[in-house]
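Q: Structure provided below as structure tokens; questions to follow.
The values are calculated or read from the model by the stated rules, or taken from the named source; none is laboratory data. As the structure is a prediction and not an experimental result, all values here were calculated from the model. Here Cβ is always computed from backbone atoms with ideal geometry, including for glycine, and neighbour counts include all displayed protein chains. Calculation scope for accessible area: heavy atoms of the full protein, side chains included, ligands and nucleic acids excluded. Shrake-Rupley method; radii C 1.70, N 1.55, O 1.52, S 1.80 Å.
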Amino acid sequence: MIISKSLFKEYINMPQLARWSKNNKDIYKLINQVRYAGIDWATVGQAVEDAVLRSLADKHIASVVTTKRARWNNRYTNYDTETRQVLANNPDADVIYQPGFLYNNMYCKCDLLVKNDSGTYDLREVKAKNTIRKKTKAAPLLEDLIADVSFQDQVLRGALGMMYSGKTYIVHLNKKYKKNWDIDLEQLLSREDVSDELMTKDDIDNKIISIQSDIPLTKPELDTKHPYIRQDHLSYFGTMPAKGSIWKLPRLGAKIAPLYHAGKTMISDLDDLDRDNLRNTKWEKTGVMRYLDLWNQWETVIKSEEIKNRLDALQYPLYFYDYETISVPIPVFEQTHSWQQVITQYSMHRMDADGTITHTEWLIDRGQTENKSLIDQLVSDFGSGEGSYIVWYKWFENSRNTETGEMYPQHQEIFNKVNTNTFDLMDIFKEQLYFDRRFGGSCSIKKVLPVLTDISYSGLAVPNGAIAADLLAQLAHGTLPADQVDTVRADLLQYCKQDTRAMVRIWEEVWKAIG
């Protein structure tokens with residue numbers, strides 16, 4: 001069995017993931033769709049690699065290029081052969097781009113080999129990340145990156161011998177850099193030497209042995225060898241959790257494994273002893289016990305008085321608003337940094353005390369590289385900042401308001417007022433003041449909305465935020481074909497309007513329910 005870098009990384013992440021990648025491509029594809037939230041990381045990574053190549057434009061770059069047929073027929077052997085031919089034919093090359101090496105049944109495709117002053121090659125791994133370290137005092141390298149570069153280092157030592165320096169660098173994005181007209185690649189890109197932070201040869205060899213023995217196992221055999229701890233349900237079991245399962249309990253964390261191993265997979269399986277084991281201060285705060293108590297009542301539970309007290313405290317006019325953003329590795333908008341969530345669209349339903357509702361909205365134009373006109377209109381629609389501003393998951397909108405106020409200091413005061421006067425409609429459902437089993441343990445607006453109203457997202461051309469963000473990014477980059485712009489803009493406006501309309505309808509239905 002040939003062990004690729006991706007297989008090695010997945011195994012370290014979770015043995016079951018490695019097995020899915022080899023034995024069930026459909027499940028593995030679904031897992032990746034869910035865990036990457038629809039983001040095309042291959043395209044994202046390529047954008048950063050292209051930026052790195054531009055930063056090396058003064059160097060002699062030799063690229064390894066293979067045909068599609070060569071890639072899929074004995075692809076590991078063919079790529080290794082092509083790479084060695086490129087090395088042999090380009091002895092003066094400063095950079096080898098996308099070389100692939102097969103050594104001792106281990107295969108890796110590298111981003112860059114860069115020749116140093118000693119005439120040997122350093123490894124440069126490119127990552128579309130703002131940071132490559134954990135947010136702790138010691139700031140160690142992220143575990144998935146350790147596995148990634150350690151495996152490559154091991155293959156290169158065997159495949160290149162003395163041509164490889166043993167130096168490993170990770171090139172990543174500098175979050176502190178903000179775009180100011182043309183991109184400054186020297187400021188955008190950071191490079192860190194991680195050579196001293198890699199796995200040992202013995203550690204890698206032991207993992208390889210484990211992979212070779214585990215991948216051929218049946219799923220039950222593998223699960224017995226690597227029992228469930230608290231992993232993601234889909235990644236471990238290959239299915240989404242069933243309705244009414246213990247995985248639907250909010251924030252259960254490490255408590256879920258003992259229940260699972262005791263055969264308690266459904267909420268209805270839990271007995272008084274199980275509840276007593278969960279009934280302590282820590283787990284009470286997570287909402288698990290509240291959820292269980294409500295679930296056992298077998299009905300919709302509405303805490304009318306508490307909800308009414310919260311809603312009565314709000315001041316008219318009410319502004320139901322929602323943002324759509326783009327977040328890209330290479331900044332598009334002026335004065336923004338990599339992966340910043342930049343407001344590129346909003347929808348707002350204003351409700352006055354007499355019940356009058358007014359809708360406003362704004363969306364960027366194709367190829368637009370600043371959002372000042374959008375923000376100016378947004379601030380105008382916000383009014384004086386003295387009403388109540390209603391969102392779903394206020395951390396997101398409030399964070400965008402804070403960042404935008406920093407980008408446009410002339411508007412900072414109004415954004416601060418909006419944040420101060422923000423009410424999170426989601427809290428009514430998150431805190432289980434309004435409980436319904438049909439929410440499935442979720443407080444997502446897309447789970448709450450169809451239970452309380454007849455509104456659905458299913459018929460929309462843009463059905464979710466991931467697709468909206470992708471289309472908005474195409475608009476901003478100017479890559480969306482001109483003949484599609486009007487249709488896409490209309491679809492985006494409809495989607496964002498649906499979010500604020502949904503909040504208004506949920507608001508109305510909650511009032512009806514509490515009398």
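Q: Of (1) in a helix (DSSP H, G or I); (2) out of contact with any His (no Cβ under 9 Å at 6 or more places or on another chain), residue 123 satisfies all except one. Which?
A: Condition not satisfied by residue 123: (1).
Q: Another question, then. Within the range 335-371, take every residue that is out of contact with any Phe, Trp or Tyr (no Cβ under 7 Å at 6 or more places or on another chain), of a type outside the set (A, V, I, L, M, F, W, C) and open to solvent by 50 Å² or more (accessible area, probe 1.4 Å) and give me the one that is farthest from residue 132 (Cα to Cα).
A: 354
Q: While we're here: If residue 62 satisfies all but one of (1) in contact with a helix residue (DSSP H, G or I) (Cβ under 6 Å, 6 or more places away or on another chain); (2) modelled with pLDDT under 95, what's the number of the condition it fails?
A: Residue 62 satisfies every listed condition except (2).
Q: Tell me which residues, restricted to the range 434-479, are under 28 Å from residue 40 (Cβ atoms) and among the hydroxyl-bearing types (Ser, Thr, Tyr).
A: Residues satisfying the conditions are 442, 444, 456, 457, 458, 479.
Q: Only residues that are modelled with pLDDT of 95 or more, in contact with a Gly (Cβ under 9 Å, 6 or more places away or on another chain) and of a type in the set (Lys, Arg): list them for the range 364-419, please.
A: Listed by number, the list holds a single entry, 417.
Q: Go through the residues of the range 465-488 one by one and say whether even a single one is farther than 28 Å from residue 182 by Cβ, among the acidic types (Asp, Glu) and at pLDDT 90 or above.
A: Yes, there is a match, as at least one residue in the range 465-488 is farther than 28 Å from residue 182 by Cβ, among the acidic types (Asp, Glu) and at pLDDT 90 or above.
Q: Looking for something assigned to a loop (DSSP other than H, G, I, E, B), touching a residue at least 40 places away in the same chain (Cβ under 8 Å), farther than 30 Å from residue 331 by Cβ and open to solvent by 30 Å² or more (accessible area, probe 1.4 Å) - is there at least one such residue anywhere in the range 180-198?
A: Within the range 180-198, one or more residues are assigned to a loop (DSSP other than H, G, I, E, B), touching a residue at least 40 places away in the same chain (Cβ under 8 Å), farther than 30 Å from residue 331 by Cβ and open to solvent by 30 Å² or more (accessible area, probe 1.4 Å).
Q: Give me the pairs, please: first residue somewhere in the range 304-327 and under 21 Å from residue 513 (Cα atoms), second residue anywhere and open to solvent by 20 Å² or more (accessible area, probe 1.4 Å) and basic (Lys, Arg), beta-carbon distance under 9 Å, and either six or more positions apart or on two chains.
A: 318/350; 320/350; 320/501
Q: Something else: Would you please list the contacts, defined by Cβ atoms under 6 Å and residues six or more apart or on different chains, that run from a residue in the range 260-277 that is at pLDDT 90 or above to a residue that is among the aromatic types (Phe, Trp, Tyr) and surrounded by 14 or more Cβ atoms within 10 Å (Cβ to Cβ)?
A: Partner pairs satisfying both residue conditions: 260/228.
Q: Residues being on the phi > 0 side of the Ramachandran plot, surrounded by 15 or more Cβ atoms within 10 Å (Cβ to Cβ) and either more than 25 Å from the chain's Cα centre (by Cα) or assigned to a helix (DSSP H, G or I) (or both): count how many of those fall in the range 209-259.
A: 1
Q: A further question on this structure: I'm checking my understanding of the structure. Among residues of the range 26-59 that are charged (D, E, K, R) and in a helix (DSSP H, G or I), which one is modelled with the lowest pLDDT? Show your work before the answer.
A: To start, the set of residues in the range 26-59 that are charged (D, E, K, R) comprises 26, 29, 35, 40, 49-50, 54, 58-59.
If we keep only those that are in a helix (DSSP H, G or I) too, we end up with 26, 29, 35, 49-50, 54.
Working: 26: 96, 29: 93, 35: 86, 49: 96, 50: 95, 54: 96.
Filtering the range 26-59 for residues that are charged (D, E, K, R) and in a helix (DSSP H, G or I), the one modelled with the lowest pLDDT comes out as 35.
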